[in-house]
There are 2 protein chains.
Amino acid sequence: MSSGSKEAGTRQRIVEAADRLFYRQGYEHTSFSDIADAVQISRGNFYYHFRSKDEILDAVIAARLAATGEMLAGWERAADPAARLRSFIHLLFVNRLSIKAHGCPVGTLCGELAKLDHPARQEANELFTLFRAWLAREFARLGRGREADGLALHLLALSQGVATLAHAFDDEALIRRQVRLIEAWLDEQCRAGAREKQSA
Amino acid sequence: MSSGSKEAGTRQRIVEAADRLFYRQGYEHTSFSDIADAVQISRGNFYYHFRSKDEILDAVIAARLAATGEMLAGWERAADPAARLRSFIHLLFVNRLSIKAHGCPVGTLCGELAKLDHPARQEANELFTLFRAWLAREFARLGRGREADGLALHLLALSQGVATLAHAFDDEALIRRQVRLIEAWLDEQCRAGAREKQSA
DNA sequence: GTCTATACAGCGATAGAC
DNA sequence: GTCTATCGCTGTATAGAC
């Protein structure tokens, strides 16, 4: 029952197609017809699997939460906090082509749902919270316990902003250059953390 | 013919209402009925002033470009490059309530138009470019000529990211805390600029 | 489980009276 | 310059045959 299986059930194929389309076109701009075309089923058949479009959104967010949790768990294998934080920054580089084309999947979804004041808004924010808490814990391990959450938000904000600008300007090189600046900032934070640990 | 006049013509009142609604609800989510209710005119009457909804958007972007240009010109009165750059950061603080509620007007509009691949996308990006060029020039004046554009994008990204997170989390305090971190970063850049000027 | 047919609301846009 | 009336289309959602 792997989530990317070729023989996935109809329900799962709907969720996967909706996930991709919500990312590429936005939630509101994606219609049932769009998803139906992608999954190759009729429009009416949706309502056997979901009661409404909002319910599809809920399923998409749940799937993203699960995938994000697994990714963060995978990063735990890195040797030290600095290497783990670098995994996060590296994500911006790895996904630079899709970010250039469609922005950050988390930021664009949360932004749209916030502007629509959509009921699923809080659920989507959990995606941000997952990263925020994970980053804060790694900054704390780095020896920056007191300012850990502030630094986590700073790094989260930087990656969000870079994604926003790269998307708007449709500029891949912007990501590569800014990633280097962020890495330099992280190195500086590591040195500050080491100093704080020394004096403690 | 001041732009905020109470006795503004219908056309201008449409642009002002559309500007506000596009910011609060998003472009696609705002209908003619919404604007008509705000301006207190009938739906049909729109087409005497504009040929389409896209044309209203063009007018809104043009108005924002003009207003932004005037604001940047006003910041020129500050004593030195460091003070001028601080004006930019301060903007995040001054507008923190509307940013918390609706995000950054530039970032959310450019993000939506980019995702829709809307024809007016490039025009909206000019708003970003206005800030980018202005910031780069001030960083150059600060003595950071070689990296001026990279630093400008870094600061722009930071402010965009803070706006995105504050909007998603509906959190005003987040802005105040992150503004302090950004100001500390700017101070560091000022010192680096001074060193570079010394050695030159 | 999947289909076709359809209801019903809202959208952008047009025509024409005043 | 502003109005009412209406068109054509697309959206979500439902009913019911197979």
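We did not get these values from a lab; they are worked out from the coordinates using the rules stated. Computed from a prediction, not measured in an experiment: that's the story for all the values here. No Cβ is skipped: glycine too gets one built from the backbone with ideal geometry, and neighbour counts run over all protein chains shown.
Values as computed for the structure displayed
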| read-out | value |
| --- | --- |
| Expected-Rg normalisation [2.2 N^0.38 Å, Cα atoms] applied to the protein assembly as shown | 1.05 |
| At 7 Å out from Cα toward Cβ: B:Tyr48 inter-copy label distances (nm, ascending) | 5.4 |
| Cα-projected label distance for B:Asp171 with A:Ser199, points at 7 Å along beta-carbon direction, nm | 2.6 |
| Compactness of the range A:132-186 as Cα Rg over 2.2 N^0.38 Å, two decimals | 1.25 |
| Helix B:53-75 axis, angle to chain B major axis (alpha carbon atoms, nearest 10°) | 30 |
| Label distances, nm, A:His90 versus same residue in remaining copies, Cβ-directed 7 Å point | 4.3 |
| Candidates A:Gln178, A:Gln189, A:Gln40: whichever shows maximal mean-square fluctuation once chain A is modelled as a Gaussian network with Cα springs under 10 Å | A:Gln40 |
| Ranking of A:Lys115, B:Lys197 by count of other Cβ atoms within 10 Å, fewest first | B:Lys197, A:Lys115 |
| Dipole magnitude of the range A:1-51, debye to nearest 20 (Cβ charges: Lys/Arg +1, Asp/Glu -1, about Cα centre) | 120 |
| Per residue convex hull volume, Cα atoms of chain A, in Å³ | 124 |
| Selection from B:Val39, B:Tyr27, B:Phe50, by position along the positive dipole direction of the range B:1-51 (Cβ) | B:Phe50 |
| Test item: Cα-centred dipole of chain B, Lys/Arg +1 and Asp/Glu -1 on Cβ, debye | 480 |
| Modelled FRET efficiency - R0 25 Å, A:Ala8 with A:Leu97, Cβ distances, 0.05 increments | 0.50 |
| For the range A:14-81: relative contact order, % (alpha-carbon pairs under 8 angstrom, 6 or more apart) | 33 |
| The range B:121-200, relative contact order [Cα under 8 Å, separation at least 6], % | 27 |
| Hull shadow area, averaged, the range B:1-51 [alpha-carbon convex hull, nm²] | 3.6 |
| Axis proximity, chain A to B: residue whose C-beta lies nearest, plus whole-Å distance | A:Gly161, 2 |
| Dipole magnitude of the range B:105-200, debye to nearest 20 (Cβ charges: Lys/Arg +1, Asp/Glu -1, about Cα centre) | 460 |
| Cα convex hull of the range A:96-145, projected area averaged across orientations, nm² | 4.5 |
| Inter-label distance for A:Met71 and B:Met71, nm, one decimal - labels placed 7 Å from Cα along Cα-to-Cβ | 3.2 |
| Degrees, to the nearest 10: A:81-94 long Cα axis against longest axis of chain A | 40 |
| Ratio of the Cα radius of gyration of the range B:19-118 to 2.2 N^0.38 Å, where N counts its residues | 1.29 |
